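The values are calculated or read from the model by the stated rules, or taken from the named source; none is laboratory data. In this text the structure is predicted, and so the values were computed from the model without any measurement. Cβ: placed from backbone, ideal geometry, glycine included. Neighbour counts: every protein chain shown.
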Amino acid sequence: MTTLQQKTPVPAAEPKQGAIPPKLKARPSSMRRKEARFFWLFISPWIIGFVVFLLGPMLASVYLSFTDWDSFTDPNWVGVANYVRLLTEDEVFHKSLWNTFYFAFFSVPLGMAIALWLAALLNKKMRARKIFRTLVYLPHLVPIVAVALIFQMILAPDAGPLNRVLAVFGIDGPAWLFDSEWVKPAIILLSLWQAGGATVLLLAGMKGIPQEFYEAAEIDGASSVRQFWSITFPQLTPIIFFNLIMGIIGAFQVFAQVYILTQGGPDNASQMVVPLLFSEAFRNYHMGYASAISWLLFLIVMALTVVAFVTSRKWVFYETEVKN
Amino acid sequence: MAELKVYKSTAFTYAGLLIASSIFFAPLVFVVSIALSSDQTVSTGSFSLIPTEFRWDNFVRIFQTQQPVGNFVLNSVIISVLSAVGQVFSSALVGYAFARLRARGKNITFMIVLATMMIPAQITMIPQFILFKELGWINTFLPLIIPNFFGNAYNIFLIRQFVTRLPLEMDEAAMVDGLGYFGIFRRIVLPMMTPVLIAIAIFTLTWTWGDFMGPLIYLNEDTKMPLALGVQLLTSTSQELQTPPWNLVMVGTVFLSLPMIIIYYFGQKYMYEMNLSTGSAGVK
């Protein structure tokens, strides 16, 4: 981020500076003022949107998080009581937090591992590659509401296809969404079905790895597994890192699946932070309390992102970076 | 010996891919198979992976249920198309200014634009709801459409990256010819932006089409719901524990998913180019 504070962040970002013809450079300052006026005029939609839909609501949200408010009567200032209750008393919130961590902890790394494995398979020269790639990518294009409904059907305890397949192998499948032990794995399964989305990106990244690396490894007699871990994986770490960050942020905001499939049940076993926030705000009209949840969520996601960035120095490989 | 090794590894690759892609694809085959099943097959649970009957009339019957599915589809189209139009125009204008016009405070403003990407929607959700409620916009499409007319940080970023890489000569020639900034934007830069604008239109269409939480917060009348919100009403049954009409629900998921697959098919070229040309590979 520090580089952004310099006047010219990236050479390509300010092409005008180098490209201005001499006669334009000597323009009178009234021209510059006119240009600046137009700049502010052109970006005015964003400024209005920023103030009305982001900055204003953010400040309101901070204030509301310190109040008790049902959205009909006047807000009642309660200080840090909402936060204290969330952190020390509210067991449903603790459970939803635990469930969200659980979901993120399994769905993000597993999803990435599957995407990487598929990309490694698809990167080889072979027939029907495009078909395989499409088949793996298709689920990613299905809107999450449709994914939820499809899995509601697939995971149905008795007639559902998954349990019927398991029965063929003599396994008595669980009741999935109705079983507090299995509801979280079921929701993770649903997110893994869309893991192929990252495969296309990883494939693009694999294309960019110089072929010479592999040729040299081949001469040295490195096995294909060894080549994967010593060449492919390190070269892909920037993309993997990016997907990790996006994955964490996405996992903590999981909503539609839980809302449609379980409403947090059975017995809050699948309750997660955003569905809880939603029901506190729009079902129970605890607007202040829900605002406090949203800020805790923000802090958690920020903390995890910072941790990911800090640890990334140890494992993310940037070709042009000089380490000391 | 070496050849044998190659054959073996190719066989493993094929086997792995075959298994993986069948697992990924099987749910979609089930969707089609069930969407084409009769009510009786569905209620007895005797459907199979490969369709055995082809009840195409399910695709008509879905419009005759108690749920206004025709309205759902129409609402989805209205909301997502207007949102895309809003995003394209507002982000184009703002992105162009960040790429081409000079002003004091531009860099710091751009940093604020980037920083807004980190604020999760949940933070602003409640105050925005209050705002739209005060405006009397609850149960209208306005809260879902209007914010799109004020640009979006990610789209602005994409356009700015794209425009900074466009040649400057035409702008300068137009400037010499006395065309103003708005003229340059509209006549010169906007036409050259087409690929990035198409990409942004696709991103916005897909996002709005699939959005569930926004409509859930703002719309409470069945006839006003978009498909993503309305389709789940099809699972509701008159009696508890009764099997939902899975064939019609699956037709609903086909309606919800197929447009996205078609848009992706025709638009992937633009999205792919965009990721490469703006150096933002990996961002959807």
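For the range A:217-224, the criterion of being in the same structural domain as residue A:146 (by TED's automatic domain parsing), touching a residue at least 40 places away in the same chain (Cβ under 8 Å) and of a type outside the set (A, V, I, L, M, F, W, C) is met by none of the residues.
Scanning the range A:124-158 for residues that are over 22 Å from residue B:9 (Cα atoms), modelled with pLDDT under 90 and among the small types (Gly, Ala, Ser) yields one hit, A:156.
Scan the range B:3-17 for residues that are modelled with pLDDT of 85 or more, surrounded by 13 or more Cβ atoms within 10 Å (Cβ to Cβ) and over 29 Å from the mean Cα position of the chain (by Cα) and the total you get is 2.
Which residue, of A:53, A:93, is assigned by TED's automatic domain parsing to the domain that holds residue A:268 and hydrophobic (A, V, I, L, M, F, W, C)? After ruling out the rest, the residue left standing is A:93. Could you tell me whether any residue of the range B:189-212 is at the interface with chain A (Cβ under 10 Å from one of its Cβ atoms), part of a loop (DSSP other than H, G, I, E, B) and buried (at least 22 other Cβ atoms within 10 Å of the Cβ)? So far as the range B:189-212 goes, yes, one or more of its residues are at the interface with chain A (Cβ under 10 Å from one of its Cβ atoms), part of a loop (DSSP other than H, G, I, E, B) and buried (at least 22 other Cβ atoms within 10 Å of the Cβ). Residues that are more than 14 Å from chain A (Cβ to nearest Cβ) and not β-branched (Val, Ile, Thr) are absent from the range B:93-110 altogether. The residue that is farthest from residue A:38 (Cα to Cα), counting only those in the range B:169-188 that are part of a helix (DSSP H, G or I) and among the acidic types (Asp, Glu), is B:169. State whether the residues of the range A:185-193 include one that is in the same structural domain as residue A:105 (by TED's automatic domain parsing), at negative phi and over 18 Å from the mean Cα position of the chain (by Cα). Yes, the range A:185-193 contains a residue that is in the same structural domain as residue A:105 (by TED's automatic domain parsing), at negative phi and over 18 Å from the mean Cα position of the chain (by Cα). Among residues of the range B:2-18 that are farther than 12 Å from residue A:126 by Cα, those with a Cβ under 7 angstrom from a residue that is modelled with pLDDT of 70 or more, sequence gap 6+ or separate chain, pair up as B:16/A:121. Among the residues of the range B:178-188, is there at least one that is within 30 Å of residue A:281 (Cβ to Cβ), buried (at least 21 other Cβ atoms within 10 Å of the Cβ) and not polar (S, T, N, Q)? No, that holds for no residue.
For every residue, the table says whether it meets (1) among the hydroxyl-bearing types (Ser, Thr, Tyr); (2) surrounded by fewer than 15 Cβ atoms within 10 Å (Cβ to Cβ); (3) under 30 Å from residue A:269 (Cβ atoms); (4) in contact with a Phe, Trp or Tyr (Cβ under 6 Å, 6 or more places away or on another chain).
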{"position": "A:151", "(1), (2), (3), (4)": "no, no, yes, no"}
{"position": "A:161", "(1), (2), (3), (4)": "no, no, yes, yes"}
{"position": "A:194", "(1), (2), (3), (4)": "no, no, yes, no"}
{"position": "A:209", "(1), (2), (3), (4)": "no, no, no, no"}
{"position": "A:216", "(1), (2), (3), (4)": "no, yes, no, no"}
{"position": "A:219", "(1), (2), (3), (4)": "no, yes, no, no"}
{"position": "A:233", "(1), (2), (3), (4)": "no, no, no, no"}
{"position": "A:237", "(1), (2), (3), (4)": "yes, no, no, yes"}
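The residue that is surrounded by the most Cβ atoms within 10 Å (Cβ to Cβ), counting only those in the range B:34-79 that are among the small types (Gly, Ala, Ser) and within 30 Å of residue B:211 (Cβ to Cβ), is B:76. Screening B:82, B:114, B:135 for residues that are surrounded by fewer than 20 Cβ atoms within 10 Å (Cβ to Cβ), free of Cβ contacts under 8 Å to residues at least 12 places away in the same chain and either under 20 Å from the mean Cα position of the chain (by Cα) or in the same structural domain as residue B:229 (by TED's automatic domain parsing) (or both) leaves exactly one candidate, B:135.
Checking the range A:76-95 against the condition returns a match, with at least one residue being more than 10 Å from chain B (Cβ to nearest Cβ), of a type in the set (Ser, Thr, Tyr) and part of a helix (DSSP H, G or I).
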